[in-house]
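J.: Dropping a structure here in structure tokens format, bear with me for questions.
Each value in this text was obtained by applying a stated rule to the coordinates, not by laboratory testing. Keep in mind that what you see is a predicted model, and the values were worked out from it rather than measured. As a convention, Cβ positions derive from the backbone with ideal geometry for all residues, glycine included, and neighbour counts pool all protein chains shown.
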Amino acid sequence: MKKKILKTVYTVLFFLAFALPGILSLVQKKESIGNEHKAELSDMNYLNFTEKFDAYFSESFGLRNVFVEWNNRLRYGLFKESGEKSVIAGKDGWLFYESALHDFNGEDMLSDGEIDEIADMLKDTQDYVESSGAEFVFVIAPNKMEIYGEYMPYYCVENTEDGNYERLMAALDERGVRHTDLKAVLKDAKEVSDNLLYHKLDSHWNNLGAYTAYSAIMEQTGFEAADYSGIGYTVRNIFDGDLYGMLFPGGNKKDEQIVFDTEDKFYYTSNFRGSDDLLISTANDAGSGSVLMFRDSFGNALYPFAANDFEKAQFSRALPYNLTDAKAYDLVIIEIVERNIGNLLEYPPVFEAAE
């Protein structure tokens, strides 16, 4: 009798072990890892039920993040390999974003015709902005591996000197489009800086890298940038790296961030919830001039410097770039990360046709 009871208990525990993740998936709300798109039950209908339910269950079952964490930590600890396809495990603890690899190894480059199309589009954009009475400048935020390529793993070899970035810069030179070569600027700054310009555990530049970029952008315009070179700063482990979060969803390791010893002078005039807001508007009673910046996630660290300089500023992540309000600003900036240059073909800027 006792043996029969033990067998029954064992059988129940055995099935509970397999059922527990599914049960938890129904009672716990799981956040997606990193920037992946998480399937939802509301997406399902009678035509796609099997496909969508499989995706939903595989992404949402209980303890998923725990299992992902264990798998990734084991592979990273033993082999220094990434268990997340979107993350490249580099040397000395550096992490890189896989989606930027095509620029690094020279694969899937834009055609010459596509580069010319983007350059012509930006020339038309500059002409429109200038006809509206504002200045225009275009910038590309370099991929992290382009600046700190020495930390890439041995099997990732830089295989091109003239990628999309370099070819577009040359095409803009030919057309007289005002732009800033941030790749050259950041490489030069890296050689003389005592601190990093990009995060080790994140795909973006840190505050020091963003300030270096902002200063170079302002040099291309008639507007002055506040000089932070004489302002002290501290290095604090307070930043949540996006790549680290994708690789170790349950981890709590913080990345370094540069914190300048100064206070912001601007205030928000939009309903600010966070730096990823689609639209951020600021005002600064001590500032001068106005700026309209179209930006991506690299603008999260970039926009506060502009907000501290300009009396009125608007920072938009909306696509496509809507330039119909350019006449209300003194300066228009378009910033895009290197790995997304091709997106300009899919989302060309929008503005009024010339009379």
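J.: Roughly how many debye, to the nearest 20, is the charge dipole of the range 197-253 about its Cα centre, given +1 on each Lys and Arg Cβ, -1 on each Asp and Glu Cβ, and no other charges?
T.: Roughly 300 debye, rounded to the nearest 20.
J.: Let me know the Rg and Dmax you get for the range 130-203 when you use only its Cα atoms, in Å.
T.: Answer for the range 130-203, Rg first and Dmax second: 15.2, 50 Å.
J.: Only Cα pairs under 8 Å and at least 6 apart count here; give the relative contact order of the range 229-335 as a rounded whole percent.
T.: 24
J.: Something else about it: Could you tell me which of rounded, prolate or oblate describes the range 224-267, using a ≥ b ≥ c as the square roots of the eigenvalues of the alpha-carbon gyration tensor, with rounded for a/c under 1.5 and, failing that, prolate when a/b is larger than b/c and oblate otherwise?
T.: prolate
J.: Now a separate question. Nearest 0.05, what FRET efficiency do V259 and N343 give at R0 = 51 Å with Cβ-Cβ as r?
T.: Step by step, r from the Cβ atoms, then E = 0.95.
J.: Can I ask one more? Give me the tail of P(r) for the range 213-286 as a percent: Cα-Cα pairs with distance above 14 Å.
T.: Roughly 76 percent, rounded to a whole number.
J.: Let me ask something else. Give me the number: length gained by fully extending R178 to S193, i.e. 0.36 nm times residue separation minus the C-alpha to C-alpha distance, one decimal in nm.
T.: 2.7 nm
J.: Mind ranking 95-105, 239-249, 270-280, 199-209 by how tightly packed they are, going by the mean number of other C-beta atoms within 10 angstrom, highest first?
T.: Those peptides, ordered most packed to least, come out 199-209, 239-249, 95-105, 270-280.
J.: Size of the dipole of the range 250-313 about the Cα centre, Lys and Arg at +1 and Asp and Glu at -1 on the beta carbon, nothing else charged, in debye to 20?
T.: Once rounded to the nearest 20, the dipole reads 180 debye.
J.: Given the Cα-Cα distance of D285 and N271 and 0.36 nm per residue of separation, how much length would full extension add, in nm?
T.: Full extension of this stretch gives 3.2 nm more.
J.: Still on this structure, please answer the following. For the pair A170/E107, report the inter-label distance in nm, with labels modelled 7 Å from Cα in the Cβ direction.
T.: The modelled label-to-label distance comes out at 2.4 nm.
J.: What value in Å³ per residue do you get for the convex hull of the alpha-carbon atoms in the range 95-148?
T.: 95
J.: Does the range 259-354 come out rounded, prolate or oblate by the C-alpha gyration tensor, with a ≥ b ≥ c the root eigenvalues, rounded set by a/c under 1.5 and, if not, prolate when a/b is larger than b/c and oblate if not?
T.: It comes out oblate by the Cα gyration axes.
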